[in-house]
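The values are calculated or read from the model by the stated rules, or taken from the named source; none is laboratory data. Computed from a predicted structure; not experimentally measured. Here the Cβ is made from the backbone with ideal geometry for all residues, glycine too, and neighbour counts use every protein chain on show. For accessibility, only protein heavy atoms count, side chains too; no ligands or nucleic acids. Shrake-Rupley method; radii C 1.70, N 1.55, O 1.52, S 1.80 Å.
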Amino acid sequence: MKVKISDSAWQSVLSQAQKDAPKESCGYLLGTDAETVTENYPMTNIDDSTEHFSFDVKEQFEAVKYARKNSLVIVGNWHSHPATPSRPSKEDIRLAFDENILYFILSLKDEKPVFNAFKIQNSKVIEKIEIKS
């Protein structure tokens, strides 16, 4: 499986994460189907933390309503790792409750950002997904 992300969605994710650093940033990635991301839906990290994130429940409902209204699907959620690699932490895996979406992680640890997607099921990373722009 490969996921295609539009340049505008990628730039939106990257600029949001860079602006929020050193705190973790987060959002939903929406698209026309499960393999095509067309936009970033920015979310507030209510934990306001450098090491973890939580979505605001009201914003989650707004994101779902927005997606439905615009005939989009939630491809996955994303968050940044400002100082660690682009791989799910134990907490990320533990909190990956929706097996129907992908989990994207943007690492800002190195000079060049690294963006990966993962399929997580039954508390296990079962696949690393290639992202194409």
Original post:
Which GluC sites (Glu not before Pro) does the stretch 27-133 hold that lie in a coil by DSSP with at most 10 other beta carbons within 10 Å?
Top reply: 99, 111
Subject >> For the chain: accessible area per residue (Å², 1.4 Å) >> reply: 57 Å²
Original post:
At what distance in angstrom do the alpha carbon centres of the stretch 1-71 and the stretch 111-126 lie from each other?
Top reply: 15 Å
Original post:
Using the Karplus equation 6.51 cos²θ - 1.76 cosθ + 1.60 (θ = phi - 60°), what ³J(HN,Hα) coupling, rounded to whole Hz, does each residue of the stretch 112-125 give in order, writing x for Gly and Pro?
Top reply: 9, x, 10, 10, 10, 10, 9, 9, 10, 9, 6, 6, 9, 6
Subject >> For residue 54, residues with placed amide H under 5 Å, excluding near neighbours >> reply: 46, 47, 48
Subject >> Electrostatic dipole magnitude of the stretch 1-59 [Cβ: Lys, Arg +1; Asp, Glu -1; Cα centre; debye, to 20] >> reply: 180 debye
Original post:
Which value in deg cm²/dmol, rounded to the nearest 500, describes the helix-derived mean residue ellipticity at 222 nm for the chain, given -39,500 (n - 2.57) per DSSP H run of n ≥ 4 and division by the residue count?
Top reply: -7000 deg cm²/dmol
